[in-house]
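The values are calculated or read from the model by the stated rules, or taken from the named source; none is laboratory data. Quantities reported herein were computed from a predicted structural model and do not represent experimental measurements. All Cβ positions, even for glycine, are placed from backbone atoms using ideal geometry, and neighbour counts span all protein chains on display.
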Amino acid sequence: MGDQVTADDQIRSRIQTIFREIEGLNRIFVTVSAGVVTLSGQVEEAALANRAEELASRVSGVVAIENRLTEQTQVSERLKPVIGRFERRVQQTLDYLPLLLVAGLAWLAIGLLGWFVTTRVQPWNWLTPNAFIADLVRQTVWLAFLMLGALVALDILGATAVLGTVLGAVGIIGLAIGFAVKDTVENYIASILLSVRQPFQPRDFIALEGMEGYVIRLTSRATILMDVDGNHIRIPNAAVFKATIVNYTRNPERRFSFELGIAADSQLPQALAICHDTIEALHFVLDDPEPGAWIEKVGDSTVVIGLSGWIDQTRTDFVKARSEAIRTVKTALEAAGIALPAPTYRLRVEDGEAVPALPKAKPRPQGKSAGAGAGAKPPADSGAAGDVTDTAVDQAVLRKIDDERQGQRGDDLLSGDAEDELGARPGA
């Protein structure tokens, strides 16, 4: 019995000695009976009660623990540990302040060095002639300098292990942001690729996404066009990169084509010769490739002739040239007595007297006779085939484009004199 009491006293003494060394546990009363430890009193936080029980359980000879500790309810007592922790952290900060200042100066110095290097014109413009790519390289290099400065600062503070945690958190946040702004990121990457490929140049007339217009500029977000009516068209670069682009300007030679119908009883060789010679005689039509005329299809009362010719777009407007070609060919056919038939309708009347069909109107003789051929004199009111109207390039829209480009010179990723993805342009 005496040995048991001695053992209990030793356990109680050991536990009290441990509690006196730990702040917040020195007010706990300890009793031991037959190896069963009873803890009583008040503690400032529930965590301290759990810690006292854990420490007591580690003492040799303890059979069981009865925890009767209660939390302190007085506000002043409850705030003591909070205030104590705050004071310790403030003191630690003050102790670390000189080291933090040195680390901050190191980060600032490396960051300023990166800013100085990346704000120089060379060697970035030498590495890539594309201004957009050069700016992107500058930003990437500056970010690398900032990361290097952060690594050096953390090494000075002895907290390089924090860098892995920070980078992991940044990676997760970046992934979440990437999913949220997927379209924006896709558009930005498309801008980079378009600026490298240069699929068109300023003032090019292109067709994409079902729209046609002259290229004004390529920004980091969208491709801006101006249609023939002077309206602005803004298309996201992601859509431009994936779209089928038709560039009407890259090859200065362009073919126009149209169809004309003539009467089914016309002399087809003569009509084809008139059409070909008339197109060939137009001063804006190129000799090589030479114009063409062919029979497109034959209907019940009409033969459709297809015609084509090539023009130089740098000197001739496509729409005006096609319009003038249609006018002159129509005039030449009429002058040769070859009719362009009107629609013919046949009526059938049920349960009544038949209505006699009107006699078919004969084509009015043009010139000296219906068979005068290509050399017949055209009617006075139709205009001579050689009397060509203005077909020069319309400069109105191009002047508007030049004015806009002059007003905003810095926000354009296109180069007016660089080779595009297909190489040098014909005639350049």
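Computed quantities for the displayed model
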read-out: Of all residues making up the stretch 221-279, the number that are over 26 Å from the mean Cα position of the chain (by Cα) and either hydroxyl-bearing (Ser, Thr, Tyr) or within 15 Å of residue 210 (Cβ to Cβ) (or both); value: 3
read-out: In the stretch 303-318, the residues that are over 19 Å from residue 287 (Cα atoms) and either surrounded by fewer than 19 Cβ atoms within 10 Å (Cβ to Cβ) or basic (Lys, Arg) (or both); value: 304
read-out: Test for residue 190: is it small (Gly, Ala, Ser), out of contact with any Ser or Thr (no Cβ under 6 Å at 6 or more places or on another chain), surrounded by 12 or more Cβ atoms within 10 Å (Cβ to Cβ) and at pLDDT below 85; value: no
read-out: Subset of the stretch 211-220 that is more than 15 Å from the chain's Cα centre (by Cα) and of a type outside the set (A, V, I, L, M) - its residue that is surrounded by the fewest Cβ atoms within 10 Å (Cβ to Cβ); value: 212
read-out: Those residues of the stretch 27-44 which are buried (at least 16 other Cβ atoms within 10 Å of the Cβ) and among the charged types (D, E, K, R), in sequence order; value: 44
read-out: From the options 290, 280, 334, residue that is in contact (Cβ under 8 Å) with a residue 40 or more places away in the chain and acidic (Asp, Glu); value: 334
read-out: Number of the condition not met by residue 299 [criteria: (1) at pLDDT 90 or above; (2) closer than 27 Å to residue 264 by Cα; (3) not basic (Lys, Arg)]; value: (1)
